[in-house]
Amino acid sequence: MTTAVSTRKSASAHFSKLCALLIFILMAAVSEAKPAFLDVFLSTYKPDGASALASAKCGICHSSVPKRNPYGKEVKKALDASSDGKMTSEILQQVEGIDSDGDGWSNGDEIKAGFLPGDPTSHPTGAAPKGSAKPSQATSPKSGDSTSSSLIPTHAFHPVVVHFPIALFIFAVVLEFFGIRKQNPALTTAALWNLGGALTSMAIVTPTGVAAWLLGQHKLEGAMLIHLCLAVSSLILMAVTLTSRKKLGSDSKVYWAILLVSAVVIGLTGHFGGQMVYG
């Protein structure tokens, strides 16, 4: 009895330290986050809600995430040339006179009319004002410059496998709940298997995420930094959860605290990952 109590106190102490470390990591990540492009863009131009521009969101700068369209490339060049690397209205205004998509209309004219400056099929009707646009300075990648091949895509198969650990872990929580409530050993055993499957798949998902970050040449900042910190934390918490489940049992309050905190962190990891893809 004394040994069991000591084990639980030790697990609780380690869990508290882990939570403190996680909070520290999240605070550091948030403090490094820079203003999102979309927020700055919308506050600068205030597009009409019914326009193609307002509904495009990530499509303003991306043809597909993380691939940038011609306008996105121009903005990135201006951002990289800035002294502090922070997105501002001034950065956006620097590329207003350029015709990024080569349709004859300047970025500024298209944005004011509610059209997409990076899409050559999206522009006002009629002839473009003469002399209002400069040729695009963005260069298309040369053959051989790509960081991925047809065998290994830029996303490194991360979107294919990322759903498995999330689904398995959340389902494990559901199985544990009903297993305890209905006193059904079969459900709690299934929950244990799901926890093991979630940890195993997470060990596969994490490297693909790192590969996608490197191949996509993302900057380690903002949502990307937070997502990466949370993903590593999720991997650790999954291992702690599975270990505590085996040592403490499914009816332990310490185990349930770890289980629920882990589920929240895993959910947040998925949220920030989705934010990068869907805005």
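The values are calculated or read from the model by the stated rules, or taken from the named source; none is laboratory data. Since the structure is predicted, the reported quantities are computational estimates derived from the model, not experimental observations. Methodologically, a virtual Cβ is constructed for each residue, glycine included, from the backbone with ideal geometry; neighbour enumeration extends over all protein chains shown.
Looking at residue 85 and the list (1) exposed (fewer than 15 other Cβ atoms within 10 Å of the Cβ); (2) over 27 Å from the mean Cα position of the chain (by Cα); (3) within 27 Å of residue 222 (Cβ to Cβ), which single condition is not satisfied?
The number of the failed condition is (2).
Sort through 78, 56 and tell me the only one that's under 19 Å from residue 44 (Cβ atoms), at pLDDT 80 or above and in contact with a Leu (Cβ under 7 Å, 6 or more places away or on another chain).
Every option except 56 fails the conditions.
Return yes or no: is residue 233 under 30 Å from residue 86 (Cβ atoms) and part of a helix (DSSP H, G or I)?
For residue 233, the condition - under 30 Å from residue 86 (Cβ atoms) and part of a helix (DSSP H, G or I) - is met.
Report, by residue number, each residue of the stretch 223-259 that is more than 28 Å from the chain's Cα centre (by Cα) and not hydroxyl-bearing (Ser, Thr, Tyr).
Scanning the stretch 223-259 gives 245, 246, 247, 248, 249, 251, 253, 254.
Among the numbered conditions (1) crowded, with 19+ Cβ neighbours inside 10 Å; (2) closer than 29 Å to residue 86 by Cα; (3) not acidic (Asp, Glu), tell me where residue 238 comes up short.
Here residue 238 meets the rest and fails (2).
Starting from residues that are surrounded by 19 or more Cβ atoms within 10 Å (Cβ to Cβ) and of a type in the set (Val, Ile, Thr), keep the ones in the stretch 151-172 and report whichever is nearest to residue 234 (Cα to Cα).
166
Which one is farthest from residue 243 (Cα to Cα) among residues in the stretch 173-189 that are buried (at least 16 other Cβ atoms within 10 Å of the Cβ) and touching an Asp or Glu at 6+ places or on another chain (Cβ under 9 Å)?
Filtering the stretch 173-189 for residues that are buried (at least 16 other Cβ atoms within 10 Å of the Cβ) and touching an Asp or Glu at 6+ places or on another chain (Cβ under 9 Å), the one farthest from residue 243 (Cα to Cα) comes out as 187.
So if I check each of 241, 189, 200, 208, which one is closer than 21 Å to residue 276 by Cβ and at pLDDT 85 or above?
Result: 208 is the single residue among 241, 189, 200, 208 that is closer than 21 Å to residue 276 by Cβ and at pLDDT 85 or above.
Examine the stretch 212-227 for a residue that is polar (S, T, N, Q), at pLDDT 90 or above and out of contact with any Gly (no Cβ under 6 Å at 6 or more places or on another chain), and state whether such a residue exists.
no
Just to be sure, is residue 51 over 22 Å from the mean Cα position of the chain (by Cα), touching a residue at least 60 places away in the same chain (Cβ under 8 Å) and farther than 21 Å from residue 135 by Cα?
Answer is yes for this residue.
Do the conditions hold for residue 46, that is, is it of a type in the set (Lys, Arg) and either closer than 26 Å to residue 153 by Cβ or touching a residue at least 60 places away in the same chain (Cβ under 8 Å) (or both)?
Spelling it out, it is not the case that residue 46 is of a type in the set (Lys, Arg) and either closer than 26 Å to residue 153 by Cβ or touching a residue at least 60 places away in the same chain (Cβ under 8 Å) (or both).
Please enumerate the residues belonging to the stretch 99-122 that are of a type in the set (A, V, I, L, M, F, W, C) and either out of contact with any Pro (no Cβ under 6 Å at 6 or more places or on another chain) or within 16 Å of residue 72 (Cβ to Cβ) (or both).
Hits for the stretch 99-122 are 105, 111, 115, 116.
Give the residues of the stretch 242-254 that are in a helix (DSSP H, G or I) and touching a residue at least 60 places away in the same chain (Cβ under 8 Å), sorted by residue number.
Scanning the stretch 242-254 gives 244, 247, 248, 254.
Give the residue, chosen from 227, 271, 218, that is closer than 24 Å to residue 158 by Cα and either among the charged types (D, E, K, R) or outside any helix (DSSP H, G or I) (or both).
218
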